[in-house]
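Report on the structure given below.
The values are calculated or read from the model by the stated rules, or taken from the named source; none is laboratory data. Note that this is a predicted model, so its numbers are computed, not measured. Cβ sites come from the backbone with ideal geometry, for glycine too, and all protein chains shown count toward neighbours.
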Amino acid sequence: MILKEIASLLEEKGIINNAFLFRLFVEQRGKEKSLTPGIYILETNSEYEKVLDKITAGPPPVTYKFITDYFKRRRYDFQFI
């Protein structure tokens with residue numbers, strides 16, 4: 001996704017109030033190539049700085065744990081980064 005698409009999606013979801021102004025904000029800071037793909041939990045009506053900090057830092061690692069063999073109780077971890 002390019003910055004324009006990301007900004008539009010953020011506006012569509014109500015996370016930011018103006019996609020155009022967010023794009024200018026990101027470009028002014030030279031961060032348009034530092035955006036990291038991932039799944040994020042962001043608050044609606046967030047400040048541009050907070051959103052930019054999160055999407056440039058990348059999503060937190062997700063760990064899933066499950067038991068595949070009830071009797072042996074083996075545990076397997078998967079991390080999706």
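Structure data summary
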quantity: Residues of segment 30-74 satisfying the condition of being surrounded by 10 or more Cβ atoms within 10 Å (Cβ to Cβ) and modelled with pLDDT under 60; calculated: I67, R74
quantity: Check on V51, β-branched (V, I, T) and touching a strand residue (DSSP E or B) at 6+ places or on another chain (Cβ under 9 Å); calculated: no
quantity: Residue tally, condition loosely packed, with under 12 Cβ neighbours inside 10 Å and closer than 18 Å to N45 by Cβ, over segment 1-19; calculated: 2
